[in-house]
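Comments concern the structure below.
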Amino acid sequence: MRNAFERAWWLASLVLATSAVSAQVIDGFAWVDMKTDAQTVAKVTTFLSAKPYTALREIGVIGQQALVIATLRKDPTANPGNDVFTAYGVSLKDGSVEELLSGTSLKYIDWQKFYDYDTPELLATYDDCAQCKATTFLTAFYIDRKTKRWGARWRRQIAGAPIYSADTAGDHVYALFMNVDQRVVLDTWTSYPEQKKSSRGGEYLFEYRIDPLSDQGTSRPVTGRDALPVKQRLCRGADVVFGIAGGQESAACKGFAGTGQRAR
């Protein structure tokens, strides 16, 4: 119950933090009205005929490229909140379909540029499972600069960007920062206490950003002399984008003076 309450409070705080801020939507994008745009819905349904899903949740279109969120409910009596979603990039021109990512509890945040001459991307969070000690990941749906098709940043199956965990065994600190060079970067710090009977102890400090040259999401471990300033910035929790920050009141941050101002 405690994990469920903490998670509900964290999500409510994130919604409140983002509700007062609005970013520029990518030019030409619109959500499809599922009741009135029967032609687009019919096309998507035909193109996804070989995919396992129960319902179409949303269709977002720019030009001839559709971002499609389909949900799967294996048990018709199950809680809809436990549905598994899959995000697809669908070409309305040639019918090609690409699976972008899947999970549970998909929640959109807002549109955000990751660097100054980028186009806006749709930030979102999602979980890796339902009715479990879930990990929440950050992603962004975007139009690939080369292919002109929909993509998803930091796919969980490849190099996911975790920002929250219901696992209370360790401290989880994260923040999405706007740097002075107008580039957005996500820093995460997970710290597990040393345990005599387990080798799990240790810490994991990572940075996630977009490389402007390749337009691809990157991730790297932060080590050596770079680690301390990143930890200090994380624990301050200042200058974050859309209020996406948490863990600043955890035990991991108590050793840094002037921190502990935020928590999720």
With a/c under 1.5 counting as rounded, go ahead and sort region 86-179 into rounded, prolate or oblate using the C-alpha gyration tensor (a ≥ b ≥ c being the square roots of the eigenvalues; past the cut-off, prolate if a/b is larger than b/c, else oblate). oblate
Rounded to the nearest 10 Å², the accessible area of residue 84 at probe 1.4 Å: 60
Segment residue 24-residue 38, extension gain: residue separation times 0.36 nm, minus the distance between their alpha carbons: 2.3 nm
Global geometry of region 123-174, whether rounded, prolate or oblate, following the gyration tensor of its Cα atoms and the 1.5 cut on a/c: prolate
Apply 1/(1 + (r/R0)^6) to the Cβ-Cβ distance of residue 148 and residue 232, taking R0 = 41 Å, and write down the FRET efficiency to the nearest 0.05. 0.50
Accessible surface, the chain, averaged per residue in Å² (probe 1.4 Å): 52
Going by the alpha-carbon gyration tensor, a ≥ b ≥ c the square roots of its eigenvalues, is region 104-261 rounded (a/c under 1.5) or, if a/c is not under 1.5, prolate (a/b greater than b/c) versus oblate? prolate
Taking the Cα-to-Cβ direction at residue 130 and at residue 107 and moving 7 Å from each Cα, how far apart do the two end points lie in nm? 1.6
Take every Cα-Cα pair in the chain and report what % of them are more than 33 Å apart. 24
Between residue 251 and residue 181, what FRET efficiency comes out of the Förster formula 1/(1 + (r/R0)^6) with R0 = 35 Å and r the beta carbon distance, rounded to 0.05? 0.65
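Rounded to a whole number, what % of the accessible area of the chain do carbon and sulfur atoms account for, probe 1.4 Å?
Carbon and sulfur: 52 percent of the exposed surface of the chain.
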How much length is gained on full extension from residue 219 to residue 75, taking 0.36 nm per residue of separation minus their Cα-Cα distance? 48.1 nm
At a probe radius of 1.4 Å, what is the per-residue accessible area of residue 111, in Å² to the nearest 10? 20
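The values are calculated or read from the model by the stated rules, or taken from the named source; none is laboratory data. Here the structure is a predicted model, which means the values were calculated and not measured. Positions of Cβ are backbone-derived with ideal geometry, glycine not excepted, and every protein chain shown enters the neighbour counts. What goes into the accessible areas is simple: the full protein's heavy atoms, side chains included, and nothing from ligands, DNA or RNA. Shrake-Rupley method; radii C 1.70, N 1.55, O 1.52, S 1.80 Å.
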